[in-house]
Amino acid sequence: MQEIAQHIAITLKTLRQARGWSLDRTARETGVSKAMLGQIERHESSPTVATLWKIASGLGVSFSQFLETSGVAEGTLLRRGQTAALVERAPGMQVVPLFPFESELGFEFFVIDLAPGALSESTPHARGVVEHIVVIEGEMDVCVEGVWQPLKPGEGLRFAADRAHGYRNRHHSAARFHDVIHYPRRIDV
C-alpha cells in the first residue's frame, strides 16, 4: 500500500507540474482542496477512490494512471494480484486494474470488490466517459440518475459516467464486479 501511495503522490505532482499548474489551479480544476492535494503530493495522506477520480477527471487523465507503476505489454496474461490495488478500508471497496488505460482503444478495465454494507458514491467523470459494469459474484446496486438498480451475477449495466453515480452492497456477502471505463477521446497518460 505504501508503494501505491507513493506512486500516486509522484504522479500527481508530475502531472500538475507538467501543466504548469499551481496547487490553487489544480484545486479549481479537480474540486479537491489545495490542502488535500498538498498532503497527497507530500505523501502525508492517501486519497479515497472518490477523491482520486476527481483528481484524474480534473487533470484529464485515466484513473489507472495513478495505480499502475508499469505498462502491460500486448499478449500479457494478467491475474488478480499482479497489479496494484487501491483499497479503501472504511467504505469497504478495493479497486484493482486488470488492464490499465489503453490510449489507442480508450479504455481501462478494473475488478472491484465491495464488502457487505459498502457504499461508494462517485462524482462525475470527464465529459463523455461511459462505464460498463458486469457483476461476477454477489449482488449489488448501481445508482444512475438518482435511481438505484439491483444487479445479480451475470447482469450488467452501461451508463454515462459523466454524472454522479454510485455503487452499494446491501447484502451479507461481498460483491465483485468488472468495470470497463471507456473514454470517448484520447486523454493524457
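In plain terms, the residue of Thr51, Thr26, Thr123, Thr14 with the fewest other Cβ atoms within 10 Å comes first and the most crowded comes last, giving Thr14, Thr123, Thr51, Thr26. Here's the list of lysines a cross-link from Lys13 could span, going by alpha-carbon distance under 23 Å and ignoring same-chain residues fewer than 8 apart: Lys34, Lys54.
Neighbour counts of C-beta atoms inside 10 Å place Met140, Met93, Met36 in the sequence Met36, Met93, Met140, starting with the fewest. The Glu137 and Ser103 beta-carbon pair, evaluated with R₀ = 41 Å, returns a calculated FRET efficiency of approximately 0.85. For Lys34, Lys152, Lys13, Lys54, the sequence from fewest to most other C-beta atoms within 10 Å is Lys152, Lys34, Lys13, Lys54. Compared with the rule-of-thumb size 2.2 N^0.38 Å for a compact globular protein, the range 86-182 has a Cα radius of gyration ratio of 1.01.
Once the Cα-Cα distance is subtracted from the 0.36 nm per residue extended length, the Arg28 to Trp148 segment shows a gain of 40.2 nm.
Taken together, the values in this text are just the output of simple stated rules run on the coordinates, not laboratory data. Being a predicted model, the structure only gives us computed values, none of them experimental. Methodologically, a virtual Cβ is constructed for each residue, glycine included, from the backbone with ideal geometry; neighbour enumeration extends over all protein chains shown.
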